[in-house]
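J.: Quick one: the structure is below, questions incoming.
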Amino acid sequence: MKSPLLSLPGAVPAEGPDEGVAAHYGDLFREQRELAGGRAFTDLSHRGVITVTGPDRLAWLHLLVTQHVSELPAGQAAEALVLSPHGHVEHALYLVDDGTTTWAHVEPGTQAELLAYLEKMKFMYRVEVADATAEYAVLHLPAGHAAAPGAAAVRELPWGRDLFVPRAELAAVAAGLGSPAGVWAHEALRIEAHRPRLGFETDHRTIPHEVDWLRTAVHLNKGCYRGQETVARVHNLGKPPRRLVFLHLDGTEETLPPHGTELRTAADPTGRPVGFVTSSARHWELGPIALALVKRNTPVDGVLLAGTVPGTQDVVVEP
């Protein structure tokens, strides 16, 4: 779904998973500075939007997701996962309830599969789920940015706000938000903050513990949900096989290592891979940075090679 904000001056379309919105508007580092300073916004209208209505909506969602949402106060943001029966991450939902409707935005293109799963799980509960992507779009405002009129729902976050706005009013709402910052700027700040993203920091065998979602998207003292046995077992008895790390990359290389680039230790550059790059970006202050998944026993003080690009680690998930 192509955003009307791609008609703004300087807009360069993003590719891959973020197709449909702007990668940047001609000045990546300025956009990052403006976004970090609370003076810009990011168009996330390519993301899927799911709504849940009905008197049982929160109690029903509570049974399906990893987060405690049965008593979620109106206006309070939540982050939740849907897991496979074996505890692997299948979906990531970014939620808010407005008192009558639960709003969630999800990764682009994942809403149909998620909706099909939710429909199968309705049983006798008084709920209605809908794919609202065609009617509503998401805009992100950083911390410090004033709230915008015209939003149907707002997710208040420590690092900003997510606005659910009528898609027909997207251009008009955006016009009152200041300068635009593309998804490349948004991604650079996400990577800096060590926040995982479905399909980037995850693959078919990712469990929440590996990417720090145990801290933000999983409630360890709630009732049963699909995949809970794996979550509890690894948390109480074991250790995750992989861990998320933040990489400060060598800035002399002209290209960034893309998603999937194998990692090896500088001490054994021809040896077996110890992990792979999940996301990378050029940051306006830190230079080239990345997130990566590595084997749990990879030394935390060792230099890693992303292809030929060396990088030092900051621990995100403790080994």
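J.: Check the straight Cα-Cα distances from K120 and name the aspartates and glutamates below 16 Å, setting aside those fewer than 8 residues away within the same chain.
T.: Straight-line reach from K120, under 16 Å: D56, E90, E128, D131.
J.: Distance in nm between label sites at S84 and A116, each 7 Å beyond Cα in the beta-carbon direction?
T.: 1.6
J.: Taking semi-axes √(5λ) of the Cα gyration tensor in Å straight from the coordinates, which label in [x] 43, 24, 16; [y] 31, 28, 15; [z] 57, 22, 15 is the correct one?
T.: Matching entry in [x] 43, 24, 16; [y] 31, 28, 15; [z] 57, 22, 15: [y].
J.: Alpha carbon centre of the range 105-174 versus the range 52-103: separation in Å?
T.: 13
J.: Tell me the chymotrypsin sites (Phe, Trp or Tyr not before Pro) within the range 82-188 that lie in a loop according to DSSP and have at most 11 other beta-carbon atoms within 10 Å.
T.: Loop-located and lightly packed - F123.
J.: Okay, moving on. FRET efficiency for A172 and N236, Cβ-Cβ distance as r, R0 = 35 Å, nearest 0.05?
T.: Efficiency for this residue pair is about 0.10.
J.: A further question follows. With the crude spin-label approximation of a point 7 Å out along Cα→Cβ, what separation in nm comes out for V315 versus M1?
T.: Rounded to a tenth, the inter-label distance reads 4.3 nm.
J.: Take the Cβ-Cβ distance between N297 and Q228 as r, set R0 to 35 Å, and report the resulting FRET efficiency rounded to the nearest 0.05. Don't jump to the answer; show the numbers that get you there.
T.: On the way: r = 27 Å, r/R0 = 0.76.
According to the calculation, E is roughly 0.85.
J.: At a Förster distance of 45 Å, what's the computed FRET efficiency of A134 paired with A267, Cβ-Cβ distance as r, to 0.05?
T.: The value I calculate is 0.30.
J.: Tell me, in nm to one decimal, what length is gained between R30 and T308 on full extension, where the rule is 0.36 nm per residue of separation less the Cα-Cα distance? It would help to have the intermediate numbers written out before the result.
T.: Values: separation 278, 0.36 × 278 = 100.08 nm, distance 2.88 nm.
Stretched out fully, the R30 to T308 stretch lengthens by 97.2 nm.
J.: So, one more: Quick check: pseudo-label points 7 Å beyond the Cα along Cα→Cβ at D98 and L220, how many nm apart are they?
T.: Here the modelled spin labels are 3.6 nm apart.
Bear in mind that the values in this text are calculations on the coordinates, not laboratory data. Every value quoted in this text rests on a predicted model; they were computed, and no experiment measured them. Note that each Cβ is placed from the backbone with ideal geometry, even for glycine, and that neighbours are counted across all protein chains shown.
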